[in-house]
Amino acid sequence: MDTPLILVTNDDGVHAPGIRALAAALRPLGDVEVVAPDREMSACAQSLTLKHPLRAERIEPSVHAVDGTPADCVNLALVKLLGRPPDLVVSGINSGGNMGDDVFYSGTVGGAREAVFFGVPAFAVSLAARAETDFGPAAAFAAKLAGLVLEKGLPERTLLNVNVPAGRPVGAVVTVQGRREHEGTILEGLDPRRRTYYWIEEGRDRWVSDDLSDIHAVRSGLISITPLQTDTTHHGALATLRGWEAALRDGQPK
Ligand code: MN
């Protein structure tokens, strides 16, 4: 087998300590190429930049900075920048957790999902405490997981979302995506020109308690590994919705 090629991206930007730690930990496993946003792009989900061209600057050997999103980076890397298809894409290590409903906002998860759209196995890694500056345990775990994924592969259209607690993790468990009760806190104030501004607040929501969830695992000091699928169809709702089809065809919903 050829030396594995691993693409690394993130949403905290190419200079963030998390991506540096991740790339360093993965290097013993193969050739590591970093293609990441040139600045912080958190909460951009999987958005692609379509309205202006992208630039990729090679800032070090095997490190490119792109003026775009994580999904842009993965797209550009897979289609143009890498000489061959990567065997694995790893996105992170994000500063702050990406659990529950946050997987829909997360640029870290968006980067990994973009790779899965291209048929490349991928996972996202987040350090679930913004105040934590030691990325060592998360990087070591990412390397261990990367080795397993390179060896065993992942199911089709599936990515792994990994969240690592602060401090020294006591173990690792496979979890389900948790859920929040959204409180929708928005700060309101006046700007210097006395116009009203609104600022969406993060992380004020209540988590729904679920022993199997990512958030429960992390709160218990465990590394959480959630398999996510790209198909978000609610299969259990299909039968009910199909019962509406006749009314929708008539153009006369009852
Ligand atoms: Mn981030």
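The values are calculated or read from the model by the stated rules, or taken from the named source; none is laboratory data. Note that the structure is predicted; figures quoted are calculated from it, not measured. Positions of Cβ are backbone-derived with ideal geometry, glycine not excepted, and every protein chain shown enters the neighbour counts. Ligands, DNA and RNA are stripped out before the accessible areas are found, and what is left, the full protein with its side chains, is counted by its heavy atoms. Shrake-Rupley method; radii C 1.70, N 1.55, O 1.52, S 1.80 Å.
How many residues are open to solvent by 40 Å² or more (accessible area, probe 1.4 Å) and either free of Cβ contacts under 8 Å to residues at least 12 places away in the same chain or under 17 Å from the mean Cα position of the chain (by Cα) (or both) if we restrict to the range 157-181?
5
If I ask for residues that are open to solvent by 30 Å² or more (accessible area, probe 1.4 Å), away from the ligand (no atom under 13 Å from the Cβ) and either over 16 Å from Ala77 (Cα atoms) or small (Gly, Ala, Ser) (or both), which ones from the range 97-119 would you list?
Matches in the range 97-119: Asp101, Phe104, Gly119.
Are any of the residues in the range 120-136 of a type in the set (D, E, K, R) and open to solvent by 60 Å² or more (accessible area, probe 1.4 Å)? Spell out how you get there, then give the answer.
Looking only at the range 120-136, we keep the residues that are of a type in the set (D, E, K, R), and these are 130, 132, 134.
Those left that are additionally open to solvent by 60 Å² or more (accessible area, probe 1.4 Å): 130, 134.
Checked against the condition, which is being of a type in the set (D, E, K, R) and open to solvent by 60 Å² or more (accessible area, probe 1.4 Å), the range 120-136 yields at least one hit.
Would you mind stating whether Phe104 is modelled with pLDDT of 95 or more and either over 20 Å from Val63 (Cα atoms) or β-branched (Val, Ile, Thr) (or both)? Reasoning before the result, please.
Numbers: modelled with pLDDT of 95 or more: yes; either over 20 Å from Val63 (Cα atoms) or β-branched (Val, Ile, Thr) (or both): yes.
So Phe104 passes the test.
Which residue pairs have Cβ atoms closer than 6 Å, lie 6 or more positions apart in sequence or on different chains, and pair a first residue in the range 34-53 that is within 14 Å of the ligand (Cβ to nearest atom) with a second residue that is of a type in the set (Phe, Trp, Tyr)?
So the pair list comes out as Ala43/Tyr105; Ala45/Tyr105.
Checking the structure you have, find out if any residue of the range 48-63 is within 15 Å of Val90 (Cα to Cα), open to solvent by 10 Å² or more (accessible area, probe 1.4 Å) and in contact with a helix residue (DSSP H, G or I) (Cβ under 6 Å, 6 or more places away or on another chain).
Checking the range 48-63: not a single residue is within 15 Å of Val90 (Cα to Cα), open to solvent by 10 Å² or more (accessible area, probe 1.4 Å) and in contact with a helix residue (DSSP H, G or I) (Cβ under 6 Å, 6 or more places away or on another chain).
State whether the residues of the range 2-14 include one that is of a type in the set (A, V, I, L, M), assigned to a loop (DSSP other than H, G, I, E, B), within 14 Å of the ligand (Cβ to nearest atom) and open to solvent by less than 80 Å² (accessible area, probe 1.4 Å).
Here is the first cut: in the range 2-14, the ones of a type in the set (A, V, I, L, M) are 5-8, 14.
Retained after the next criterion (residues that are assigned to a loop (DSSP other than H, G, I, E, B)): 14.
Subset that is within 14 Å of the ligand (Cβ to nearest atom): 14.
Then keep just the ones that are open to solvent by less than 80 Å² (accessible area, probe 1.4 Å); that gives 14.
Within the range 2-14, one or more residues are of a type in the set (A, V, I, L, M), assigned to a loop (DSSP other than H, G, I, E, B), within 14 Å of the ligand (Cβ to nearest atom) and open to solvent by less than 80 Å² (accessible area, probe 1.4 Å).
Might you let me know whether the range 77-92 holds any residue that is in contact with a Phe, Trp or Tyr (Cβ under 7 Å, 6 or more places away or on another chain), open to solvent by 10 Å² or more (accessible area, probe 1.4 Å) and either farther than 19 Å from Ala24 by Cβ or in contact (Cβ under 8 Å) with a residue 60 or more places away in the chain (or both)? Before the answer, list the steps.
Step one: of the range 77-92, the residues in contact with a Phe, Trp or Tyr (Cβ under 7 Å, 6 or more places away or on another chain) are 78, 90.
Right, trim to open to solvent by 10 Å² or more (accessible area, probe 1.4 Å) and you get 78.
Those left that are additionally either farther than 19 Å from Ala24 by Cβ or in contact (Cβ under 8 Å) with a residue 60 or more places away in the chain (or both): 78.
For the range 77-92, residues in contact with a Phe, Trp or Tyr (Cβ under 7 Å, 6 or more places away or on another chain), open to solvent by 10 Å² or more (accessible area, probe 1.4 Å) and either farther than 19 Å from Ala24 by Cβ or in contact (Cβ under 8 Å) with a residue 60 or more places away in the chain (or both): present.
Filter the range 42-65 down to the residues that are over 24 Å from Ala146 (Cα atoms) and not small (Gly, Ala, Ser) and list them by number. Break it down into steps so the answer makes sense when it comes.
To start, the set of residues in the range 42-65 that are over 24 Å from Ala146 (Cα atoms) comprises 43-44, 47-59.
Correct list: Cys44, Leu48, Thr49, Leu50, Lys51, His52, Pro53, Leu54, Arg55, Glu57, Arg58, Ile59.
What strands (runs of 3 or more DSSP E) completely inside the range 56-96 contain at least 1 residues that are within 16 Å of the ligand (Cβ to nearest atom)?
Numbers: elements: 56-60, 63-66, 88-95.
Because the criterion is at least 1 residues that are within 16 Å of the ligand (Cβ to nearest atom), the strands (runs of 3 or more DSSP E) in the range 56-96 that meet it are 63-66, 88-95.
Take the residues of the range 207-237 that are closer than 15 Å to Arg157 by Cβ and part of a loop (DSSP other than H, G, I, E, B): which is most open to solvent (accessible area, probe 1.4 Å)?
Here the answer is Thr232.
Within the set of pairs 6 or more residues apart or between chains, which connect a residue that is among the aromatic types (Phe, Trp, Tyr) inside the range 101-121 to a residue that is within 13 Å of the ligand (Cβ to nearest atom) with Cβ atoms less than 8 Å apart?
Filtered contacts from the range 101-121: Phe104/Ala45; Tyr105/Ala43; Tyr105/Ala45.
All but one of (1) part of a helix (DSSP H, G or I); (2) open to solvent by 10 Å² or more (accessible area, probe 1.4 Å) hold for Ala139; state the number of the condition that does not hold.
(2)
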